[in-house]
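Worksheet for the structure shown next.
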Amino acid sequence: MGRLPWIFNPVLDAARVPYSAALVFNAGVAKLGGRYVMVFRNDYGSLEKQTLEPSHTTDLSIAFSDDGIHWTAGPKPVFKLRDESFEILSLSTPDLRNMVLFPERIHGNYVRLERPFTVYSRGGRDPFDAWISESPDLIYWGRSELLLAVEQVPFANDKIGPAAPPVKTDMGWLTTFHAVDIDPARGKNSWEPSWKKRYTAGIMLLDLDNPKKILGMSASPLLAPEAPYEMEGGFRNDVIFPGGMVLEEDGEVEIYYGAADTVVCLATAHVDDLIKLCLGE
């Protein structure tokens, strides 16, 4: 997996937004009319004191880029948690931790990847798994199936779930997922008293006609924490969480990911190489 030179990563952090956010991470990215658009999460507090404001202060902001590397954030957040401009389309049952839409309908239905809370999936506390569901209208969801279980991922022992929305290739739907392993030796490793988890990014290939069928999956992480901005000084170190993936016409894939729950970073690779990883070639 290619990575940008350290001079570019992180591509967005709190110092580059024109308001007092402390954490800037977990961004969704799309390319529209030749320009890149990013929606990212802001958490407020103090990087120096390693403190956060209450969770209800979290909001979302927008940024734009001509090259996908150099970003300009908007002058203020665009969506606040308690903002009346939000229209709730669906309150899913069961309760879901995160949901990721496919970019187009399949056989007339919308399709999403999701991670139900464990009490609604296979019982107990952890592990969490990745599921897949369909909807005719983005409101009513059903035909839910377990897509990928924790025990099927060699580099996870705690939970897995969706990450960036899938991209369509000639060979199938290419999609990332997050995978979590726990190691008691990690100790504190965050602003909190204890953080023993590591988040890595996996990648798999789903059938174009039936995305409930996994064609292949990389047996090792696509991205694992190794750079300083992924492992040191963040809110939660050892965390990589993809949120956006763009497939260019020349085959380059740009994967945007949150690092240490603190900054936005970018990794690149060729689509053919990613497919080969999934198929074990």
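Which of rounded, prolate, oblate describes segment 20-77, given a ≥ b ≥ c as roots of the alpha-carbon gyration tensor eigenvalues and a/c under 1.5 marking rounded, otherwise prolate only if a/b is larger than b/c?
Details: a/c = 2.99, a/b = 2.34, b/c = 1.28.
Prolate, since a/c reaches 1.5 and a/b exceeds b/c.
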Under 5 Å between amide H atoms, partner at least 5 residues away or on a different chain: which partners does residue 208 have, H built in plane at 1.01 Å? 173
Classify segment 160-270: rounded, prolate or oblate, from the alpha-carbon gyration tensor (a ≥ b ≥ c, eigenvalue square roots; a/c under 1.5 rounded; otherwise prolate if a/b is larger than b/c)? prolate
Could you give the length gained by full extension between residue 192 and residue 95, i.e. 0.36 nm per residue of separation minus their alpha carbon distance, to one decimal place? 32.3 nm
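Taking the Cα centre of segment 233-281 as origin and charging only Cβ (+1 Lys, Arg; -1 Asp, Glu), how large is the dipole, in debye to the nearest 20? List each step's numbers first, then the result.
On the way: 2 positive and 10 negative charges, 76 e Å.
Dipole about the Cα centre, nearest 20: 360 debye.
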The set of residues whose placed amide H lies less than 5 Å from the amide H of residue 128, leaving out same-chain residues fewer than 5 positions away, is 159, 160
Stretched fully, the stretch from residue 182 through residue 122 gains (0.36 nm per residue minus C-alpha distance, one decimal, in nm) 19.6 nm
Taking a ≥ b ≥ c as the square roots of the Cα gyration tensor eigenvalues, with a/c under 1.5 meaning rounded and otherwise prolate when a/b beats b/c or oblate if not, the chain comes out rounded
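In debye, nearest 20, what is the charge dipole magnitude of the chain about its Cα centre with +1 on Lys and Arg Cβ and -1 on Asp and Glu Cβ, if you could check?
Working: 27 positive and 39 negative charges, 144 e Å.
I would put it at about 700 debye.
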How would you rank 208-214, 198-204, 107-113, highest first, on the average number of other Cβ atoms within 10 Å across their residues? 198-204, 107-113, 208-214
What's the ranking of 150-163, 177-190 by average number of surrounding C-beta atoms within 10 Å, highest first? 150-163, 177-190
With the dipole of segment 220-264 worked out from charges on the C-beta (+1 for Lys and Arg, -1 for Asp and Glu) around the Cα centre, which of 244, 257, 233 lies farthest toward the positive end? 233
The answer for the chain, accessible area per residue at 1.4 Å probe in Å², is 49 Å²
Measuring from label point to label point, each 7 Å out along Cα→Cβ, what is the residue 279 to residue 64 span in nm? 4.0 nm
Positive end of the charge dipole of the chain (Lys, Arg +1 and Asp, Glu -1 on Cβ, about the Cα centre): tell me which of 71, 157, 36 has its Cα farthest that way. 157
Tell me, what % of the accessible area of the chain is carbon and sulfur with a 1.4 angstrom probe? 53 percent
What nm value, rounded to one decimal, do you get for the distance between residue 151 and residue 252 when each label is placed 7 Å out toward the C-beta? 4.3 nm
For a 25 Å ceiling on Cα separation, which of these pairs sit above it: 31/76; 31/213; 49/188? 31/213
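The values are calculated or read from the model by the stated rules, or taken from the named source; none is laboratory data. In this text, all values refer to a predicted model and were calculated from it rather than measured experimentally. Here the Cβ is made from the backbone with ideal geometry for all residues, glycine too, and neighbour counts use every protein chain on show. These accessible areas exclude ligands, DNA and RNA; they are computed on the full protein's heavy atoms, side chains included. Shrake-Rupley method; radii C 1.70, N 1.55, O 1.52, S 1.80 Å.
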